[in-house]
Amino acid sequence: MEAVIPHTFVGPKVTFTGMEDPEAHLTAFHTQMMLVGGSDAVRCKLFMSTLTGMAMDWFMSLPDGHITSFAQLSQLFHEQYIANKAPPPVSYDLFDVKQYQGETLKEYINRFGAQVVKVGTTEEPMIVYAFRKGVCLGLFCESIIRNCP
């Protein structure tokens, strides 16, 4: 607790309530800490400032002097909230991406493209088919049904 906070630190940009994916939170926190720097002790101290609600209650319930490294804190945190971990994406998740009512084609393409990157598939016929299934409105939809891409 005696660790000095770097003067460049402006407060947590990520928060964790206990309902989010713990791995995503740790990744965001590590990214923020790479920009700010600081020792292992500083990381432990600053991690506490990213917790709210029941996550802060969990942290406060840890025995005094129990945490000796950020690696240990990360492991305990991960174990506590492992049930919140997001399932790994699979290529068939592309079929869940649908164009929303009122969403522009550009917005849909951006969302669809982000999901393609997330699932990491290179199966072009499946990607094209999933894209076509997700486009629900307009002349564009009609044109790709008549003229297969």
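The values are calculated or read from the model by the stated rules, or taken from the named source; none is laboratory data. Source: prediction; values computed, not measured. Quick reminder, even Gly has a Cβ in these numbers, built from the backbone with ideal geometry, and neighbours come from all protein chains shown.
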Exercise for review: Return the pairs, sorted by first residue and then second, in which the second residue is loosely packed, with under 11 Cβ neighbours inside 10 Å, the first residue lies in segment 59-83 and is closer than 12 Å to residue 41 by Cα, the beta carbons are less than 9 Å apart, and the residues are 6+ apart or on different chains.
Suggested key: 72/66
Check your understanding: Checking residue 45 against (1) assigned to a loop (DSSP other than H, G, I, E, B); (2) among the charged types (D, E, K, R); (3) surrounded by 12 or more Cβ atoms within 10 Å (Cβ to Cβ), which single condition isn't satisfied?
Key -> (1)
Point to revise | Tabulated pairs, segment 15-39, first crowded, with 16+ Cβ neighbours inside 10 Å, second aliphatic (A, V, I, L, M) and at pLDDT 90 or above, C-beta under 7 angstrom, 6+ apart or interchain | key: 16/51; 16/55; 18/54; 18/55; 22/82
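So if I check each of 70, 77, 140, which one is surrounded by 10 or more Cβ atoms within 10 Å (Cβ to Cβ), modelled with pLDDT of 90 or more and either touching a Leu at 6+ places or on another chain (Cβ under 8 Å) or among the β-branched types (Val, Ile, Thr) (or both)? Break it down stepwise before answering.
Numbers: 70 fails: either touching a Leu at 6+ places or on another chain (Cβ under 8 Å) or among the β-branched types (Val, Ile, Thr) (or both); 140 fails: modelled with pLDDT of 90 or more.
Result of the check over 70, 77, 140: 77.
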Practice item. Please verify whether segment 10-22 includes one or more residues that are at pLDDT 75 or above and over 20 Å from residue 77 (Cα atoms). Key: no
Exercise for review: Please indicate, with yes or no, whether at least one residue in segment 114-136 is under 23 Å from the mean Cα position of the chain (by Cα), aliphatic (A, V, I, L, M), modelled with pLDDT under 90 and within 30 Å of residue 37 (Cα to Cα).
Suggested key: no
Point to revise | Residue check for residue 101: surrounded by fewer than 17 Cβ atoms within 10 Å (Cβ to Cβ) and either part of a helix (DSSP H, G or I) or touching a Lys or Arg at 6+ places or on another chain (Cβ under 7 Å) (or both) | key: no
